[in-house]
1. Could you identify the single residue in 347, 397, 387, 358 that is touching a residue at least 12 places away in the same chain (Cβ under 8 Å) and under 29 Å from residue 94 (Cα atoms)?
2. Yes or no: region 389-396 includes at least one residue that is at pLDDT 95 or above and over 18 Å from the mean Cα position of the chain (by Cα).
3. State whether one or more residues within region 112-126 are farther than 30 Å from residue 316 by Cα, touching a strand residue (DSSP E or B) at 6+ places or on another chain (Cβ under 6 Å), modelled with pLDDT under 95 and surrounded by 15 or more Cβ atoms within 10 Å (Cβ to Cβ).
4. Which residues, counting only those in region 296-340, are modelled with pLDDT under 95 and more than 27 Å from residue 145 (Cβ to Cβ)?
5. Take the conditions in contact with a strand residue (DSSP E or B) (Cβ under 9 Å, 6 or more places away or on another chain), surrounded by 15 or more Cβ atoms within 10 Å (Cβ to Cβ) and within 30 Å of residue 43 (Cα to Cα) and apply them to residue 188. Does it pass?
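The values are calculated or read from the model by the stated rules, or taken from the named source; none is laboratory data. All figures in this text were calculated on a predicted structure; none of them were measured in a lab. All Cβ positions, glycine included, derive from the backbone under ideal geometry; neighbour counts span all protein chains shown.
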């Protein structure tokens, strides 16, 4: 390979970093777009959270000392920032095409390839950031990897009264006594009583939307004689279910009713052979993001075929994923791979929250510094390799989401 990559305009760090601004923040990642971010002075993220609110100053006599007040349900939290990134390799032929400025078709093709790859890596980093938010808002905790393979867990201490699962008869999809309006009113009332916030966001995916749209009580209320123009299935509709979410949000008195179907994909290579109709404990390169009840898709790289089985358990430390039924075909270690697609908001869950309490956002993302230049936010850089000649292009980010008002969130498992 000719001289260093510094002479290639497309690979200058300032050019690469400009791509971050251009491609950052996919519009369909809802949670990270709702809440802001700020910088932490170190990679140890510290924050205070509280339960309760609406305190009132005490009366005092003229000339008397001002009474002291105790913080309302305050708790201090501390956790090391998570670190994540993506890397791709570009060979000598590709780099030489980038050295043909302006006219050659090879240069244009290589530039477009570089831009597409960088955009993909940036968006992969952004989806990881959304994953942190979704785990905080749907589970109240998550586990991630620290130095030397040590696992760390952040628990946001959401009150147990704000994590509710419906019993069999009252489930929204299969229950015979489902009371969707009552459940929504209970949630809104609890948040208002506990922290003084008003629920302004309700998030779920299209599976739950189907439950709501089929509920007889909802349908009765939305009949023309009882509510509006009976237009639940008209106007500004969800493109898949055909329900007008504006009408539904108006009925429930929740300004932002969001049907959130965004997915993320997990991929891992097989580290051991899988024998058809026999192997149910699947060895993978990284089991950390797979979850029980998810669908594991086996890919045969050489044949271009695949099949799916349901995940029954995940053993992160052992690096294995167990499926309920062994796949029919056999798959090779180091060549074939498995994937799992998962929605940020699960099929059985509804998340309610107030975005602010006393004018303060209930959550935000804390960015942590990394690199010798103490960089904040997504950063791109490159490193040359020799034999074979090429470069590695890298994208990284570091931080954690924090939750300031633990009782401003309500997680309802409806199925």
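1. None of the others qualify; the one that does is 397.
2. Looking for residues that are at pLDDT 95 or above and over 18 Å from the mean Cα position of the chain (by Cα), one finds none in region 389-396, hence no.
3. Looking through region 112-126, none of the residues is farther than 30 Å from residue 316 by Cα, touching a strand residue (DSSP E or B) at 6+ places or on another chain (Cβ under 6 Å), modelled with pLDDT under 95 and surrounded by 15 or more Cβ atoms within 10 Å (Cβ to Cβ).
4. 302, 303, 304
5. In short, no.
Each row is one residue, and each column tells you yes or no for (1) surrounded by fewer than 19 Cβ atoms within 10 Å (Cβ to Cβ); (2) assigned to a loop (DSSP other than H, G, I, E, B); (3) within 18 Å of the chain's Cα centre (by Cα).
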| site | (1), (2), (3) |
| --- | --- |
| 325 | yes, yes, no |
| 328 | yes, yes, no |
| 333 | yes, yes, no |
| 340 | no, no, yes |
| 345 | no, yes, yes |
| 352 | no, no, yes |
| 372 | yes, yes, no |
| 380 | no, no, no |
